[in-house]
Amino acid sequence: MEFYNKKKRLGDILIDARVINEEQLLAALSAQKQNGLKLGETLIDLGFTTEVEIANALHRQLNYDYVILSELKIDQDIIKLVSEDILRKHTVMPFEFKKGYPNILRVAMANPLDFLAIDDIAIITNFQIEPVVATSQDIAATIDRYYGNIEALKVAQRYTQERDSLIRLEQSPDGPTEEVENAPIVMLVRSIIEQGIRQRASDIHIEPLEDELRIRFRIDGVLSRGRRYNMNLMPAIIARLKIMSGMDISEKRKPQDGRITMNVGRAEYDIRSSVVPTIFGEKFVLRIADKSGYTRDKRELGFTQEELERFDKMISKPHGIILITGPTGSGKSTTLYTMLSSLNRDGVNLITIEDPVEAHIPGVNQIQVNEKVDLTFANALRSILRQDPDIIMIGEIRDQETAEIAVKASVTGHLVASTLHTNSAAGTVTRLTDMGVEPFLLSEAIAGVIAQRLVRKLCPDCKRKRQASENEKQILGHFSSDELQIYEAVGCMKCSDTGYIGRTGVYEILQVSPKIREAIRKKMPADNIAEIAQAEGMKPLRTRAVELVLDGTTSMEELLRISVDDN
């Protein structure tokens, strides 16, 4: 076939496409000898290029088609042609027969120059193979989608054979062996976590029900319907997760917390694990944090240009306290870490106190709270004030003692950043005075407050226009009889039938002006402070959310979900 005549090396193709240069190729080839990975993976690891850039270069230079598998529905007859282990081994995915050529099978490949893989698939399927370019992440996610349940059934069939030996092998003094790593339950647990990560899940719930085990992923803040597994898998899955988390596997009556670090798709993920006993068995929840996700660029958070200017002005102050507020799961940690990344530079001593440390930031001194040895937020804060800090980040202000020390530290020449659980920016001020912080001290200390929520973004491929109802027009502030068009969620292959892809932040940024300082000193109610702030240009959360509905970014359902507590 014509595809075999294009025997050109990947490195040369990427240089011709100006994706990398000669120097970068030589560096990658040298690194490849050490790590044993494929050239493409090595180039991505070194930061010289990305999966999408490589795929586009192969598409342009070799005239291969480019496919996005997540947008397609693959016929079951094609799914049955090749086993999952072969597809994962070569990072390939057959997806259709060529139109008019029933003997040619089109196969998505991360590297269409991998002729060994092409030969393998041709021999296994007995079809001629036409390579099509796709990213390895897209291929892996598609394999998950079509083969996840099949793999679980295989594990269930093999489970009884290895039930007694699994824990004994894992606890051997020599540490994890190849036999352990290839054990069915070990492979299933890893597969569940990898699938969750590839589907952008923030949490994985492993829940024992009365007669089955349910696995659910929280994606964009909403739990999926989940997969159901045979209940006899539960003891081994829980035991495996406890071992990975560093928990006591013999303790089944008390809650336990742990931590797992995993590499998936060349990215490192920090996973916080929690297990609690329920009436049907132990329930595990895994909270997934992509370490790179906490150090993103501030422009990626969803700020408008005006909000970005307010944000920059706030963090440029030499001292004062900046507070980020909102309910659990509203993205406070991401905003806080993004702020730290902006402030982290040579010549600055930046110290954090966290519970737990969410992500490691190079050049930052990070302290983990440990109440067992009386290392509380307040005690740690007292100690680091003697460490000559310029900037202090406190994971959360939970009590009066921490609040008072933080405020005093900000008055004495330090920039302090922290989070608080309140519903609005103005409500944060009154919350601190209610906690016992003196109003005159707070008025001098506070540099600004950011209240935030997260809303799901409508899938651009399937969102649908519709007329707003009279009630919706009132909520959106349109009282005229004119028609108003808004968008609603529909669902397609690309968004896994949810109607949404990703989330964006909705912000309310309160900059502290002389008038607001005076209001704080006089201990005015939150409503009065909010009125002053809005007169000076602050947009309330609800107003900003309404704008996102009107421009088609999100839906009415999302607006109502985040503004229950807001007026």
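Where a number appears in this text, it was derived from the coordinates with a stated rule and is not lab data. Keep in mind that this is a model prediction, so the values were computed, not measured. With ideal geometry, Cβ positions are generated from the backbone for all residues, glycine too; neighbour counts draw on all protein chains shown.
What separates the Cα centres of the range 380-405 and the range 3-54 is a distance of 47 Å.
When peptides 457-466, 231-240 are sorted by average Cβ neighbour count within 10 Å, with the highest value leading, the order is 231-240, 457-466. Relative to one another, the C-alpha centroids of the range 244-312 and the range 462-497 are positioned 33 Å apart. To the nearest whole percent, what portion of all C-alpha pairs in the range 234-380 is separated by more than 21 angstrom? Looking at the range 234-380, the distances longer than 21 Å represent 57 percent of pairs.
Of the residues ASN111, ILE219, MET493, the one whose Cα sits farthest toward the positive end of the charge dipole of the chain, with +1 on the Cβ of Lys and Arg and -1 on the Cβ of Asp and Glu, is MET493.
Here's the list of lysines a cross-link from LYS73 could span, going by alpha-carbon distance under 17 Å and ignoring same-chain residues fewer than 8 apart: LYS98, LYS99, LYS494.
Given their separation in residues at 0.36 nm each and the Cα-Cα distance between them, ILE249 and ARG60 gain 62.7 nm when the chain is fully extended. The label-point distance for THR304 and ASN126, in a model that sets each label 7 Å from Cα toward Cβ, rounds to 6.4 nm. Spin-label model, SER30/HIS421: points 7 Å from Cα along the beta carbon direction are separated by 5.2 nm.
Within the range 418-493, the chymotrypsin sites (Phe, Trp or Tyr not before Pro) that combine a DSSP coil assignment with at most 10 other C-beta atoms in a 10 angstrom radius are PHE479. Taking the C-alpha atoms only, the angle from helix 136-170 to the longest principal axis of the chain is near 90 degrees.
Dimensions of the range 437-476 based on its C-alpha atoms, expressed as ranges along the principal axes with the largest first, amount to 51, 27, 12 Å. What the Cβ-Cβ distance of LYS522 and ARG464 gives, at R0 = 35 Å and to the nearest 0.05, is a FRET efficiency of 0.10. Loop-resident GluC sites (Glu not before Pro) (DSSP state other than H, G, I, E or B) in the range 398-505 with no more than 10 further Cβ atoms inside 10 Å of their Cβ: GLU483. With the alpha-carbon atoms of the chain aligned to their principal axes, the span from lowest to highest coordinate is 82, 66, 57 Å, starting with the largest. Annotation: amide H-H contacts under 5 Å for VAL264 (H modelled 1.01 Å from N, sequence separation of 5 or more, or interchain): TYR269.
Each label point was placed 7 Å from the Cα along the Cα-to-Cβ direction; for SER342 and ARG266 their separation is 3.0 nm.
Size descriptors for the range 492-535, from the alpha-carbon set: Rg then Dmax equal 19.1, 56 Å. A convex hull fitted to the Cα coordinates of the range 440-567 yields 115 cubic angstrom per residue.
Of all the C-alpha pairs in the range 515-567, what % are more than 13 Å from each other?
It works out to 63 percent of all Cα pairs.
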